[in-house]
Amino acid sequence: MEKNSKIFVAGHRGLVGSAILNNLRNKGYHNFVLRTHAELDLTDQSAVYRFFEEEKPEYVFLAAAHVGGIMANSRYRADFIYQNLMIQNNVIHASYLNNVKKLLFLGSTCIYPKEAPQPMTENCLLTSALEYTNEPYAIAKIAGLKMCESYDLQYGTNYIAVMPTNLYGPNDNFDLETSHVLPAMIRKIHLANCLTQSDWISVREDLNHRPVEGVDGKSSEKEIEQVLAKYGIFSGCVKLWGTGTPLREFLWSEEMADASVYIMERIDFADLCKGQDTVIRNTHINIGTGIEHSIREVAQLVCKSVGFTGVIEFDSSKPDGTLRKLTDVSKLHALGWHHQIELEEGIDRLYKWYIENSKTWEK
Ligand SMILES: NC(=O)C1=CN([C@@H]2O[C@H](COP(=O)(O)OP(=O)(O)OC[C@H]3O[C@@H](n4cnc5c(N)ncnc54)[C@H](OP(=O)(O)O)[C@@H]3O)[C@@H](O)[C@H]2O)C=CC1
Ligand SMILES: C[C@H]1O[C@H](OP(=O)(O)OP(=O)(O)OC[C@H]2O[C@@H](n3cnc4c(=O)[nH]c(N)nc43)[C@H](O)[C@@H]2O)[C@@H](O)[C@@H](O)C1=O
């Protein structure tokens, strides 16, 4: 990529897309073509084709997707498979039709089988059944990575698919139901801490900035307590989901962005085929840290960061999801990229960001 290459970051206001845009800007790239979801619905094929014909981007980061945590994935299954297939089909095919020089497709490590040997190498793709909670999302992501590989093989394009582990960082989704575990824990434990200290100003600031169904910063204390209790948030206690025993790996979103730009700048599809036989498979790249933590451990780190000394309980009627999904990052390390921010530091950074971005309430 040249510094003045025309770059389309799809999903540039999301967790990863916003970090990719910042990373590119910091490296001196400046010729961006950007559209919000409201300006361009990527599920709309004719609108996407028109956009590519008019704008002719040279490089595409495909970080737009329908995304959510375990509850969103298991409840809104149709949305996850339909929207993701549509977005990626439209963007990848329009890139081919308009001679995009290189595209990076973001998948997820949930593409790997539920019982995959740990840590999971790229080669365990399609070897056995998927985890049911996020199967529709995973199937869309597998289709996306195979679409990149197939276009590269048939049409000689240069599309790379990366499979990130669980991500967290600035611009995360903090919704109490649909978010991933880390932003959910940050917000729940923060609110429980505020209730414990009777810090109603902070509770109201939080609810004004990020409304929760049925309550906002102007509601009575009793109404707020009743609604928060439905999400497992109490004075002195937080009830999290599942058993607390599943293991997860977490990568700071700005590091994910750095790895994405690193790969776009240096790695071509041909590099990923080297050493593979005539049947070329698994040209995608895992992105992660190779380090896992139990959900209970993660909750303890969040409590430490927030300063919450109350009780953490687990509600085993809620799903655990897959029990382990540790990525093998040998391929990524061999390509020369390594993470730097460990989970404890990342949680401190995210909590700081969260607090700084909740203070919009006019007292
Ligand atoms: N977060 C994580 O832990 C992980 C994420 N990933 C992958 O990384 C990528 C980025 O995810 P993340 O940044 O977390 O997701 P976010 O939800 O934070 O951002 C997704 C972005 O896509 C946009 N978008 C969604 N649907 C459409 C649409 N139909 N048309 C146009 N824009 C749309 C959203 O806009 P709007 O909000 O306005 O709808 C948003 O800006 C995704 O491919 C995801 O699958 C992979 C592994 C883990
Ligand atoms: C990135 C990846 O993310 C999703 O998979 P997931 O890792 O299972 O998702 P998660 O982050 O929501 O949960 C991780 C773990 O944490 C536990 N947990 C505890 N308490 C809360 C809680 O309060 N909220 C949430 N969300 N989880 C909680 C929860 O029970 C589970 O054991 C995919 O669907 C898909 O989107 C994908 O690719």
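Among T133, T36, T289, determine the one that fluctuates most according to a GNM of the chain built with springs between C-alpha atoms less than 10 Å apart. Result: T36 has the largest fluctuation of those listed.
Counting only protein heavy atoms and a 1.4 Å probe, the range 221-319 has 44 square angstrom of accessible area per residue.
Placing D258, D328 in order of accessible area, with the largest value first and a 1.4 Å probe, yields D258, D328.
When the chain is treated as a GNM with alpha-carbon contacts under 10 Å, the residue of V162, V212, V261 showing the greatest mean-square fluctuation is V212. Phi angles across the range 344-350 convert, under the Karplus curve 6.51 cos²θ - 1.76 cosθ + 1.60 with θ = phi - 60°, into 3J(HN,Hα) values of 4, 5, x, 5, 4, 5, 5 Hz, Gly and Pro given as x. With only the Cα atoms considered, the range 120-270 has a convex hull volume of 154 Å³ per residue. With the helix formula -39500 (n - 2.57) applied to DSSP H stretches of n ≥ 4, the chain reaches a computed 222 nm mean residue ellipticity of -13500 deg cm²/dmol.
Send over the semi-axes of the range 95-163's equivalent ellipsoid, whole angstrom and largest first, taken as the square roots of 5 times the C-alpha gyration tensor eigenvalues. Each step should come with its number before you reach the end.
Working: eigenvalues 130, 27, 17 Å².
In descending order, the three semi-axes are 26, 12, 9 Å.
Treating each Cα of the chain as one equal point scatterer and applying the Debye formula with no solvent, the log10 of I(q)/I(0) at q = 0.08, 0.11, 0.15 Å⁻¹ comes out as -0.41, -0.76, -1.33.
Within the P(r) computed for the range 1-154, what percentage of the Cα pairs occupies the region above 22 Å? Counting every Cα pair in the range 1-154, those more than 22 Å apart make up 44 percent.
Quick one: net charge around Q88, please, counting Lys, Arg +1 and Asp, Glu -1 for every other residue with C-beta under 11 Å from its C-beta.
Within the 11 Å Cβ shell, the charges total +2.
Phi-derived couplings, Karplus 6.51 cos²θ - 1.76 cosθ + 1.60 at θ = phi - 60°, listed residue by residue for the range 212-222: 10, 3, x, 7, 9, x, 8, 5, 6, 4, 5 Hz, with x used for Gly and Pro. Under a 5 Å amide H cut-off, with hydrogens placed 1.01 Å from N, K6 pairs with E58, Y59 among residues at least 5 apart or on other chains.
Among L103, F51, A259, whose Cα lies farthest out toward the positive end of the dipole of the chain, if unit charges sit on the beta carbon of Lys, Arg (+1) and Asp, Glu (-1)? Of the listed residues, the answer is F51. Scanning residues 5 or more positions from L326 or on other chains, those with amide H under 5 Å from its amide H are M120, with H placed 1.01 Å from N in the peptide plane. Axis of helix 15-26 versus longest Cα principal axis of the chain: the two differ by about 60°, to the nearest ten degrees. The gain in end-to-end length when the A78 to L40 segment is fully stretched comes to 11.6 nm, 0.36 nm per residue minus the alpha carbon separation.
The local environment of I312, defined by Cβ-Cβ distances under 9 Å, has a net charge of +1 under the rule Lys, Arg +1 and Asp, Glu -1. Counted residue by residue at 0.36 nm each, then reduced by the alpha carbon distance between them, the extension gain from Q118 to I201 reaches 25.3 nm. What's the angle, to the nearest 10 degrees (0 to 90), between helix 295-306's Cα axis and the longest principal axis of the chain? It works out to around 60 degrees.
For the range 175-235, a Kirkwood hydrodynamic radius built from all Cα pairs, placed in the Stokes-Einstein relation at 10 °C and 1.306 mPa s, yields a translational diffusion coefficient of 140 µm²/s.
Legend: Rg and Dmax of the range 284-341, from Cα coordinates, 15.6, 44 Å.
Which value, in Å² rounded to 10, gives the accessible area of D271 with a 1.4 Å probe and all protein chains present? Rounded to the nearest 10, the figure is 60 Å².
Shape call for the range 18-81 from the C-alpha gyration tensor, a ≥ b ≥ c root eigenvalues: rounded (a/c under 1.5), prolate (a/b greater than b/c) or oblate? Cα axes put the range 18-81 in the oblate bin. Compared with the direct C-alpha span, the chain from Q300 to K27 gains 94.7 nm at full extension, assuming 0.36 nm per residue. If you line up the long axis of helix 253-266 against the longest principal axis of the chain, both from Cα atoms, how many degrees apart are they, to the nearest 10? With both axes taken from Cα atoms, the answer is about 10 degrees.
The values are calculated or read from the model by the stated rules, or taken from the named source; none is laboratory data. Just so you know, these numbers come straight off a predicted model, no measurement behind them. All Cβ positions, even for glycine, are placed from backbone atoms using ideal geometry, and neighbour counts span all protein chains on display. Heavy atoms of the whole protein, side chains included, go into the accessibility calculation; ligands, DNA and RNA do not. Shrake-Rupley method; radii C 1.70, N 1.55, O 1.52, S 1.80 Å.
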